[in-house]
1. Which Cys residues of the chain have no other Cys beta carbon under 4.7 Å away?
2. Rank Val203, Leu86, Trp47 by how far each Cα sits towards the positive end of the charge dipole of the chain (+1 on Lys, Arg Cβ; -1 on Asp, Glu Cβ) and give me just the farthest.
3. Got a sec? Charge dipole of segment 286-363, +1 on Cβ for Lys and Arg, -1 for Asp and Glu; which of Phe357, Ala302, Leu317 is way out at the positive end?
4. Hey, if we sort Trp403, Trp116, Trp299 by accessible area with the 1.4 Å probe, largest down, what's the order?
5. Select from the chain the helices, each a whole stretch of DSSP H, whose alpha-carbon atoms run 27 Å or more along the helix axis and whose Kyte-Doolittle mean is at least -1.0; answer none if there are none.
6. Restricting to DSSP loop positions (anything but H, G, I, E, B) with no more than 16 other Cβ atoms inside 10 Å of their own Cβ, which trypsin sites (Lys or Arg not before Pro) remain in segment 36-69?
7. Out of segment 160-241, which GluC sites (Glu not before Pro) are coil in DSSP terms and have no more than 11 other C-beta atoms within 10 Å?
8. Under 29 Å between alpha carbons: how many lysine pairs meet that in the chain, if sequence neighbours fewer than 8 apart on the same chain are excluded?
Amino acid sequence: MLAGPLLVCRHCDTIHAAAAVEPGGMACCSRCGYVLFRRSRYSLDFWRAMAAAALVVFAIANLFPMATLSLLGKTVDVTFVGALWLSWHQGHYLLSVMTGLAGFWFPLLQLCFLFWALGCIRSGRLPADFSYALRIYSKAAPWSMVPVLMLGIIVAIVKFSDLASLEPGPGIWAFAVLTFMLTAFSRLDSQRLWRLAEDAGLVPVARDTGGVPIERLAACEVCGYLQECTVEASCQRCGNDIHKRKPGMETRVWAFMLAAAVVYVPANVLPMMEIRSALGSSQHTILGGVMELWRLGSWDLALIVFIASVVVPITKLIALAVLMSMREWRGELVQRQRTRLYELVEFIGQWSMLDVFVVILMAAMANFPGVSQILPGPAAASFGMVVVLTMLAALSYDPRAGWDQGRPAAAGKIGNG
Ligand SMILES: [Zn+2]
Ligand SMILES: [Zn+2]
């Protein structure tokens with residue numbers, strides 16, 4: 001029997017009895033090394049104030065222009081929302097919806113839920129829809145891509161500085177601040193919020209296994225609550241569907257990967273954007289865009305776009321294929337390396353969205369019909385789909401499956417690091 005709140009590693013399914021971790025410290029899984037949780041140095045009130053500040057910064061970033069351009073006496077103010085609107089109007093619906101969700105709606109949803117949830121915990125009373133809201137919060141988090149958008153803004157501005165004069169606006173500084181804030185908030189995932197509610201004594205805590213054998217226990221992915229679950233069940237604490245192992249992993253991962261590999265072909269062969277000017281029009285593929293940046297002397301940005309658009313999707317597909325096909329290889333070291341590989345796949349997941357953001361921003365910047373205009377090409381939406389499909393493949397993969405035939409997931413003590 002175990003004492004203290006129980007934590008389950010979501011990578012290798014090992015159950016740990018939580019030890020006290022000092023503020024600023026973190027606890028790692030004793031078996032696979034995954035970071036189970038970090039204890040924040042800051043109070044609930046601090047995080048709530050930060051969330052309120054981030055909402056203000058979010059408003060500034062989207063209401064004020066990130067750049068003002070002038071060409072032949074005409075000026076254009078560029079905002080991200082304006083860029084989404086324009087691409088919708090030009091008939092690039094899929095592109096507009098994908099970039100709008102990743103760069104606007106999901107970050108906004110994330111901030112609103114965070115502010116509200118922290119307020120609920122602070123007030124000492126959880127409303128009935130707290131668990132429902134946190135389920136949405138946890139599903140939306142991987143799709144919120146403001147840091148990628150910020151890098152996209154920088155690349156678009158550097159590319160554009162060659163074509164017309166450009167003045168940075170307050171929006172771009174607000175996006176830079178928002179990037180740092182959202183990166184800090186990424187640590188406050190749904191499990192962390194539930195843990196804060198546990199600390200405040202507002203929700204039940206799993207303190208022992210209740211005599212249930214380890215192989216019949218599973219933790220909820222949203223709230224981390226350990227409970228009995230043989231195949232699948234509904235979480236006793238938050239109502240989320242919990243599975244001993246993610247269902248249909250084999251079929252889903254391969255299907256998403258195959259679809260991503262198919263869509264990857266038009267994404268690279270078709271033009272990413274079309275540049276129209278008085279002198280005629282030219283079409284650019286992803287690799288053409290990289291070479292263009294190189295020619296402008298921005299070899300560093302050329303390298304970043306090349307890595308994000310070409311290296312990352314291929315690495316993700318290869319890494320997932322390795323993870324899927326080499327599950328028979330056993331041994332603590334191999335299994336740990338597989339866990340690191342999956343962490344890499346999760347980490348690089350959204351960065352290939354970079355060029356898609358660059359395209360819609362550049363289309364909004366060069367919007368001088370008849371004089372000079374940039375239009376998104378068919379590859380932009382295809383490329384967005386590659387990102388979505390590879391992310392869905394990674395989310396369907398269950399890292400716990402790789403550990404199943406190793407030593408049983410015995411209870412251990414968490415390490416302090
Ligand atoms: Zn682990
Ligand atoms: Zn739950």
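1. Those would be Cys28, Cys112, Cys120, Cys229, since no other cysteine Cβ in the chain comes under 4.7 Å of theirs.
2. Of Val203, Leu86, Trp47, it is Val203.
3. Comparing the listed Cα positions along the dipole, Leu317 ranks first.
4. On the way: Trp403 5, Trp116 85, Trp299 145 Å².
The most accessible residue leads, giving Trp299, Trp116, Trp403.
5. Working: long enough: 44-63 (29 Å, 1.60); 249-269 (30 Å, 1.16); 378-396 (28 Å, 1.86).
Helices passing the filter in the chain: 44-63, 249-269, 378-396.
6. On the way: sites: Arg38, Arg39, Arg41, Arg48; in loops: Arg39, Arg41.
Here the trypsin sites (Lys or Arg not before Pro) that fit, given the DSSP loop and packing criteria, are Arg39, Arg41.
7. Numbers: sites: Glu198, Glu215, Glu221, Glu228, Glu232; in loops: Glu221.
Hits after loop and neighbour filter: nothing returned.
8. Going through the chain pair by pair, I get 9.
The values are calculated or read from the model by the stated rules, or taken from the named source; none is laboratory data. Source: prediction; values computed, not measured. Glycine gets a Cβ as well: all are built from the backbone with ideal geometry, and neighbour counts include every protein chain shown. For the accessible areas, the whole protein counts, side chains as well, though only heavy atoms, and no ligand, DNA or RNA atoms are used. Shrake-Rupley method; radii C 1.70, N 1.55, O 1.52, S 1.80 Å.
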